[in-house]
1. Out of the range 46-83, which residues are closer than 13 Å to Met129 by Cβ and among the β-branched types (Val, Ile, Thr)?
2. Looking at the range 110-135 only, could you name the residues that are in contact with a helix residue (DSSP H, G or I) (Cβ under 9 Å, 6 or more places away or on another chain), surrounded by fewer than 18 Cβ atoms within 10 Å (Cβ to Cβ) and among the basic types (Lys, Arg)?
Amino acid sequence: MSGRGRAVAVALLCALALGGCGGGRSWELAGQPGLGLKVQQYYESRALEEGGRCPAPIMMGVARSQVLSDDPEQMVIALSYYYRDWVRDDDDCDELRPGRCWVNPTCRGFAERTFTIDKGEDGLAVVGMSGPQRGGLQRR
């Protein structure tokens, strides 16, 4: 897929899944206003993708979300999402420079993770996520 085709696919994903990229302060997830932004910030401050080859992923959009459990103290949500890496993703990788793609392949794609959210007196707080993370931390 060309760079332009990828951009159109991501824009469509964002429009359908998030109501726009960037989430904003009102990005709703599991019926909770603002939870999407908290999940995005947690992911972006800790996640690794592609076995650590992508060290600084950005959650660009959510394709699907499912509440796996929800009780008065905690909620667990599974997300399918699209990510890019703000360090390793390179839009200059195209047909005119095929060697660049081989030397520094792009870090972008779809992935899935599970997020654990505590329900405290101060509101919702993301406390864990599955998958590879900086510092070797991992919570499933």
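1. Matches in the range 46-83: Val76, Ile77.
2. Within the range 110-135, Arg134 is the sole residue that qualifies.
Taken together, the values in this text are just the output of simple stated rules run on the coordinates, not laboratory data. No experiment lies behind these values; they were computed from the predicted model shown. Cβ coordinates were reconstructed from backbone atoms using ideal geometry, including for glycine residues, and neighbour counts include every protein chain displayed.
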